[in-house]
Amino acid sequence: MDGLLREAIARLAGPGQVIEVRALSDQHTHSGYFSDPEALVRAVEPLDADPSIHGIYVTLNEVNPALLSRRANRIKMRLSRKDATTSDADIVRRRFLPIDIDPVRPSGVSSTDAEHVLALQKADEIAAWLASLGFPEPVKGDSGNGAHLLYRIDLPNDDAATALVKGCLAALDTLFSDEKVTVDTANFNAGRIWKLYGTMSRKGDSTSERPHRRSRVISAPGSLQVVGRALLEQLAARLPAEEQGQKPAAKEKGFDLRTWLAQHGLSFRSEKPYSGGTLFVLDQCPFSSAHKDGAFAIQFGNGAVFAGCKHTSCGGGTQRWAELRARYEPDRAAKRKQFEQKQKQWNKERAKAKAENEGNGPVKPAPSPDAQTAALDVLEHGDPVDLMLTAFAQEHVGDEILARCLILSMASQAVKNSEGLHVSVTGDSGKGKTHAFKKMMRQVPDRYKVRGTVSNKALYYMKDLAPRSVLMSDDTELSDGIQEILKSATSNFHEPITHTTVTKDLTCRVCTIPERCVWWIAKKEGTGDDQVMNRMLTCWIDESHEQDARVLAAKQRKEQQEPGMLPDETPELVTCRAIWEILHEQMVWVVIPYSERIRFHAISNRRNPDMLYDLIKSHAALFFLQRQQKTAEDGTLCIYAGEADFAAANEVFAQLSGTSGGQESKLTRREADLLAAIQRADRPEFTIQDLQELTGWSYSSIYRTLKGYDSRGKNYTGLLEKCPAISFTDRTVTMSEEEGVTVRRRTEAFAWNRGIYRHWTAGGPCWLDRGPGGGGNGDGNGTATL
């Protein structure tokens, strides 16, 4: 026995290393600390001969040498409560990755010979698989009832190392444990004690069927090579995480993996709880005929599915669920291919719709598959925003930025942590504001929109007004009541707006406008209330001469069409409506994991960052079936926005703060045009008459645009208040001088400061901070920098 003990100590402890010996019996714990191997052997021999001792163990990892003074090179019998043993905090450094393979049996008894052999065979299987990954030869041990594998590592005793070891054991348990043998995942803590090889293992009574056995070192290399951290991380990464699973489509709610396996003849030898779901070990690997074992399938608690095989030649635990499903559901694969072809067709249709501007003829839509199926396919695999823009372009020329704003506005209704996105579009009458609204409104399901205009009081009394409706105000004067409703809607998006009134019989009646309604406001010059404007996406209609020409050309082509040449509703339009029906059934919480890296050029208007965040969340909500998901404890579906969502949101935000809107400046289209003329002239001083020559506008129009005006009790602010580069004073100027007589008159002179203007307009609206190394933590869905 002493030879076995000396060999074990040489394998488990380095020269001069302090280790604790701990012997366990039914009622007592005996313990001592040793730096002298010979003293350890002498102290252990009588303990091993004591039949009341169930097992003798030692610490595997490097113990703080100061602990030797607790019980120096001696065993103290029957420790008291005040006698400490080695804790996790007493470990200086990790020396081993301990893999304990135990046969499944009742607790408190020894294993049978058959069970013992199964554990030893499983250890050989695990060691061979780890060798295929590049792991060196381990110490192979016999615990007396099961098998051990000890791999030499060199890691600090910190949280990261603990998580890494825990991940390695969990991965091995996932890939190798079955109904007969398991890998113990509890051996991850640094202070874990381990069977001292050469000593007896006594669990229960020794019988002929379940005998007591002596533990031993089965094999060990001459010198143990250290397993590098990279190999350990590679092993831990074999553990499928919940976010690696593929979520079933929305139309497959309640998808059950067990039923699916049975329906397709894929039998499994065992199942066990895993990460809130179930792991199935398959009888036969469906991915390769070179081996039978190793394949598994998991359904996580959130419904996502993962399938793979542990063999390196078979993917080494990589996700292969899509491949497996395509193999056993060829019709589904064919539908997927059909959808991809349809997606290409949609892209062509959008290009054709845009090409109408060039006079290339009317769009001829292709037949559409079932709307619900098509909508789910787009949400799972396609680009819903692109499809919606295609449908919009088929009916309205240009104004894509406005269409994007309206799409994201509707999507914000499905985001639980959004304050809602409302849209205000300004521009001259007859430039297409109303037309754009109406064509986008065609994509909204009927029960979520109000046809025509309504008064502020009528809104409260509409019994059929559903939550998450779209309310439109079209170039009409906004009453004080509507203004107040807008303020309430943009400040309390999550709650109904209540109105208490008195009926004819003098009783109180409480009326409400449902929660999560979004407003689309079309006005020539804004709403007349800065508080309302600050809470909305402010977009301009395209008033360019080029847009006028494109619209005219489209109208001319339309007048050449005969009845029936274009259907009232294209397949794309019907699919868009089905997408909104699906989204209205959802409520998601969107997490922006990179929010701290978003930088803003200007943060004086504190509502604009919130709007960018809501744009990101809304875009992620549209792609909720394609983003990483997690179900919170309260059942809320959490979606993790990718950098692609930032890129899309930032594109909208940048255009709204530049060429297509006044998000930062809150300028209307007319104010922006006048400011552009002033900037091009670059005169230090100018008058309204000067601006008349530059623009051809009327005196009254320029005056109102510069100084603002009051209309029906509302104050419309002008450029002087919005742009700090413009100022004015009353002064007397010389108008003409004839025959020695100077004619002077009082007028308003305006000053222009080029430097202030450049500072006011400098920089992009926002960008992602990549850090010193220029890297990021993107998800592969796209990045954006300005």
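FYI, it's all coordinate maths here, none of it is from the lab. Everything numeric here is computed off the predicted structure, so don't read it as measured data. We place every Cβ from the backbone using ideal geometry, glycine too, and count neighbours over all the protein chains shown.
Legend: distances between Cα atoms for K431/K707; K247/K292; K166/K630; K272/K416; K438/K722; pairs beyond 29 Å are K272/K416; K438/K722. For the stretch 144-191, the Cα gyration tensor yields ellipsoid semi-axes of 22, 13, 9 Å (square root of five times each eigenvalue, largest first, whole Å). You can think of it this way: the chain between N189 and A237 has 15.4 nm of extra reach, that is 0.36 nm per residue less the Cα-Cα gap.
Building the convex hull from the alpha-carbon atoms of the stretch 161-255 and averaging its projection over directions returns 10.6 nm².
Of the residues V450, V423, the one with the fewest other Cβ atoms within 10 Å heads the list, and the complete ranking is V450, V423. Ordering S727, S418, S80, S469 by the number of other Cβ atoms within 10 Å of each residue's own Cβ, fewest first, gives S80, S727, S469, S418.
What the Cβ-Cβ distance of D548 and H381 gives, at R0 = 60 Å and to the nearest 0.05, is a FRET efficiency of 0.95. According to the calculation over all Cα-Cα pairs in the stretch 2-236, the P(r) per 10 Å bin from zero is 8, 33, 38, 20, 2 %. Sorting 124-132, 611-619 by average packing, meaning the other beta carbons within 10 Å per residue, from highest down gives 611-619, 124-132.
Amide H contacts under 5 Å for I153: F96, L97, V227, restricted to partners 5 or more places along the chain or on a different chain, H placed in the peptide plane at 1.01 Å from N.
In this calculation the C-beta distance from R6 to E585 is compared with R0 = 51 Å, giving a FRET efficiency of 0.15. The ranking of K558, K247, K722 from fewest to most other beta carbons within 10 Å of each one's beta carbon is K558, K722, K247. With a cut-off of 20 Å on the backbone N, the residues of the stretch 14-30 near the modelled label site 7 Å out from M77 along Cα-Cβ are 21-30. Working from label points 7 Å from Cα in the Cα-to-Cβ sense, the K558 to D205 distance is 9.6 nm. The simple spin-label model puts a point 7 Å past each Cα toward its Cβ; for R683 and S701 those points are separated by 1.8 nm. A protection proxy built from the mean count of other Cβ atoms within 10 Å ranks the segments 672-683, 222-233, most packed first, as 672-683, 222-233.
The simple Förster model, with R0 at 45 Å and r as the Cβ-Cβ distance, assigns A676 and R447 a FRET efficiency of 0.55. Once every Cα of the stretch 373-426 carries one equal point scatterer and solvent is ignored, give the base-10 log of I(q)/I(0) from the Debye formula at q = 0.13, 0.14, 0.25, 0.31 Å⁻¹, two decimals. So the normalised log intensities work out to -0.38, -0.44, -1.05, -1.15.
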